[in-house]
Amino acid sequence: MRAVVLNEYGSLDNLSLTEFADPVPGPEDIIVDVRATAVNYVDLVIISGKYQFKPDVPFVPGKGPAGIVKSVGSDVTDFAPGDRVVAMAEQGGYAGLTPIHRNNCYHLPDSMSFTDAASMALVYDTAWFSLVERGRFTEGESVLVLGASGGVGLAAVQLVRAMGGHALAGIANPEKADLVRDAGAEAVIDLAADNLRDSLRDQVFAVTDGRGADVVIDPLGDDIFDAALRAVAWRGRMVVIGFAAGRIPSLKANYLLVKNIDVGGLQISDYRRRRPDLTAKCFEQIFALYTEGKISALPTVTHPIDDFRQALQDVQDRKVRGRIVLTQDD
């Protein structure tokens, strides 16, 4: 099969589109004929060798491909060749075929295209776990989504709206205000404002009647984390999902006592391994909201797999408004 292969950790120059061995399913595995795979920021982190775990090279990057089941292992009874699925693989999506354990494969609704499925994969489930599982969101609450113009951020804004909450979109680029408002944000919080330590809190308090945000979803870290912590409401919850802005922050635990707030983290890959039941519930709800028209795939640009390098470069350069999906020929 053809696949994008990483031969050595480091730069995008270490990737090549080449022939790679077809995967062979184990007893509980499914082989998916890949039709679409999104390009994610985390792919760049993995390629650089700075992710939490490092697969042995050479390997095929790419998370969350969508496609058609080609074959199944001897112990698989809930999937069959021809089924349309999204495969929440940790790697292997930038290839013609990818193997996936049956616990991490999900039947697609008839109305969902492969492109939409790939576009929504990883960002919507990350947003759902941040909001529902780790953030314990309830209807009517205010949610501050930092980095709201990114993939997870836009997905979180849509989910907050669909679940009856109030989404506050934290962005640093005012040119993306329309993007987050279209996703359902009720207010835009300027993360590039002067004196962010005070100005972020002031902005959030101004649109929450002085209460603050019940939930904060933070993929950024750095000084933005420090400022956002001050904008959390009494008994609020802050969920850390990454450090895209740079510095890994620390905090003084006494602040947690003063406002009775919780700060937690999310590493979604652990949930896929340890709690496949919760992951299945997550996708069931996401697919239901999609089918009901309450959420949709993010704005998406498609490229053939041959253009993988440019697609990754565009994500690295933050040129993307929404998502990029790589497609395979039928």
Cα lying deepest toward the dipole's positive end in the range 47-161, options 131, 69, 51, charges on Cβ: 51
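Grab the other residues whose beta carbon is less than 15 angstrom from that of residue 234, score K and R as +1, D and E as -1, and report the net. Present the calculation step by step, with values, prior to reporting the outcome.
On the way: positive: 136, 201, 211, 230, 235, 237, 259; negative: 141, 209, 214, 262.
Local net charge: +3.
How large is the helix-only mean residue ellipticity at 222 nm for the chain, computed as the sum of -39500 (n - 2.57) over DSSP H runs with n ≥ 4, divided by its residue count, in deg cm²/dmol to the nearest 500? Show your work: numbers first, answer last.
Working: 11 runs with 97 residues, N = 330.
Helix contribution divided over all residues of the chain: -8000 deg cm²/dmol.
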What residue among 312, 177, 196 has its Cα farthest toward the positive end of the dipole of the chain, where the charges are +1 on Lys, Arg and -1 on Asp, Glu, each on the Cβ? 196
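Taking the Cα centre of the chain as the origin, how large is its charge dipole in debye, to the nearest 20, when only Lys and Arg (+1) and Asp and Glu (-1) carry charge on their Cβ atoms? Let's see the in-between values first.
Working: 33 positive and 44 negative charges, 180 e Å.
Roughly 860 debye for the chain.
Rank these for me by crowding, 256, 200, going from fewest to most other beta carbons within 10 Å.
Values: 256 15, 200 25.
Final ranking by Cβ density, sparse to dense: 256, 200.
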The residues 279, 77, sorted from fewest to most surrounding Cβ atoms within 10 Å, come out as 77, 279
Read-out Kirkwood radius over Cα pairs in Å, derived from the coordinates shown; its label in (i) 21.6; (ii) 22.4; (iii) 20.2: (iii)
Taking amide H atoms as placed 1.01 Å from N in the peptide plane, list the residues 5 or more away in sequence, or in a different chain, whose amide H sits under 5 Å from that of residue 233. 213, 214
Anchor residue 54: aspartates and glutamates whose Cα lies under 13 Å away (excluding residues fewer than 8 positions away in-chain): 8, 43, 90
Return the single residue from 78, 43, 262 with maximal mean-square fluctuation; model: Gaussian network over the chain, springs between Cα atoms under 10 Å. 78
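On a 23 Å Cα-Cα criterion, which of the cross-link pairs 281/319; 63/281; 176/319 come out too long? The partial results should precede the final answer.
Values: 281/319 33 Å; 63/281 19 Å; 176/319 11 Å.
Over 23 Å Cα-Cα: 281/319.
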Kirkwood hydrodynamic radius of the range 123-268, Cα pairs, Å: 14.5
Based on alpha-carbon atoms only, what is the radius of gyration of the range 1-74 relative to the globular estimate 2.2 N^0.38 Å? 1.17
Trypsin sites (Lys or Arg not before Pro) lying in DSSP loop within the range 115-171, provided at most 16 other Cβ fall within 10 Å: 136
Starting from the 7 Å offset along Cα-to-Cβ, what nm value, one decimal, do you get for the label separation of residue 260 and residue 235? 0.6
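Among 139, 133, 284, what is the fewest-to-most ranking by other Cβ atoms within 10 Å?
Values: 139 7, 133 19, 284 11.
The most exposed by this proxy come first: 139, 284, 133.
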Give me the lysines in straight-line cross-link reach of residue 252: C-alpha distance below 28 Å, same-chain residues under 8 apart excluded. 50
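Every read-out reported here was derived from the displayed coordinates using simple, explicitly stated rules and does not represent laboratory data. All values derive from a computational prediction rather than experimental measurement. We place every Cβ from the backbone using ideal geometry, glycine too, and count neighbours over all the protein chains shown.
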